[in-house]
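Worksheet for the structure shown next.
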Amino acid sequence: MRAIFGRLDADEVARQMDQAFRELPGYARFVADDPVDRGQPAIRWNVALVLRWLADGVAPDESMTSELHEVVRVRAAAAERMNDGLLVYRRGVRILWNILLDAATADERPMLVEQADVLWSYLELVVDTFAQAYADEQDAPETVGERRAQSLLDRLCARQPITVDDRERAEYLGFDLAGPHRPFAARLAGVGAAHHVRLASRLRSQGVLATTEGSQVAGLCAEDFNWAALLDDPRFLLACERPTERPGLAAALESLRMLVSFADDTGRRGIVTTRDFLPHLLLARSPEIADDIDARVFGDLTGSEHADLATTLRCLAANGFDRGATAAELIVHRNTVLYRVQRIQKLTGLELQNPLDQNLVCLAILWNRIKPQAGL
């Protein structure tokens, strides 16, 4: 077993699993505490537990299961679906098994198959931990408030008729259904889902319809709601739209979620508005056109044989298309940059002295950077 594991690179295993997990709708929410490395540290932690169990027969002890229980409990408090998290773990077990099979020789595989029950035992342990954590949180006031807030916000955004149940939810939350309502999205920098669960609960105690969405909070507030106390926190980031009628709530909230993500990526804090990130939102709201722009600029520059051209084009844009500054940054002769520019223009049909084509290049570069944050 140790011989097989010795052929594995933990970081590469985590990278492969993370790449596969991105196809799962619940994964982005499940690893929202880890915006830099996504879920790779958590993946490595789980993989290490399984490999130790396989190699040494040492099952996870109470401290390990308690740590997992706390992670899952936070998700339960945020009213995230249990099946989203379980699907991530089920997919992970299958991926790890395939990686182990690929790493084993023909002679080693029969022995590996004999140990396969450990993987399914670990999955059973995870399922039990999820069930217990969700049961523990089911009747907690924060969890009840979160579920009711999510249900009410979903119905308002879907423009469904107000029902008796909706009025009861609003009354329980202290939320005025009459409006007008201002959509908002907010985030505390550098903290995880547990802090955002508490933030949403604090806002609901003040009559705000607030729901936790992993590493941020979104919802509706009254037109005159005072954010001053929260804005005193240097970690706080807020995007708040003007009062919006129900037909426009869903679109407004989606834009605000993206706006907060874009702003957080640049280190912004305090209040941000759509005017601060208009190019970002323009691309994110029209992803098909954004993809067309990317293909127009970089479509003919793909492949290792054109890597130097793509790098030069990005460097040109970063330096305002100044060829001298680009040559200095790339540490090449100015004539080399001129030669590459000519090749870029021949391959792409772009005219890099033309302001319109320069704008296309900048938009394509921006889109490649923000596309993951836009959830696309």
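Quick notes on this structure:
- Protection-proxy order for peptides 42-54, 263-275, 346-358, each taking the mean of Cβ atoms within 10 Å per residue, highest first: 42-54, 263-275, 346-358
- Estimated [θ] at 222 nm from DSSP helical runs (n ≥ 4, -39500 (n - 2.57)) normalised by residues in the chain, nearest 500: -19500 deg cm²/dmol
- Contour excess over end-to-end distance, with Cα ends at R44 and N368 and 0.36 nm allotted per residue: 113.9 nm
- Highest average first, the peptides 87-93, 333-339 ordered by how many other beta carbon atoms sit within 10 Å of their residues are 87-93, 333-339.
- Extension gain for R155-A295 works out to 46.6 nm (0.36 nm per residue, less the C-alpha to C-alpha distance).
- Note on S205 and Q353: their simple-model spin labels are 6.5 nm apart, each label 7 Å out from Cα toward Cβ.
- In nm, spacing of pseudo-spin labels at A178 and A3 (7 Å Cα→C-beta vector): 7.8
- Length added when fully stretched, S63-A251, from 0.36 nm per residue minus Cα-Cα: 63.3 nm
Read-outs: derived from the displayed coordinates by stated rules, not from any lab. Quick caveat, the model's predicted, so the values are computed rather than measured. As a convention, Cβ positions derive from the backbone with ideal geometry for all residues, glycine included, and neighbour counts pool all protein chains shown.
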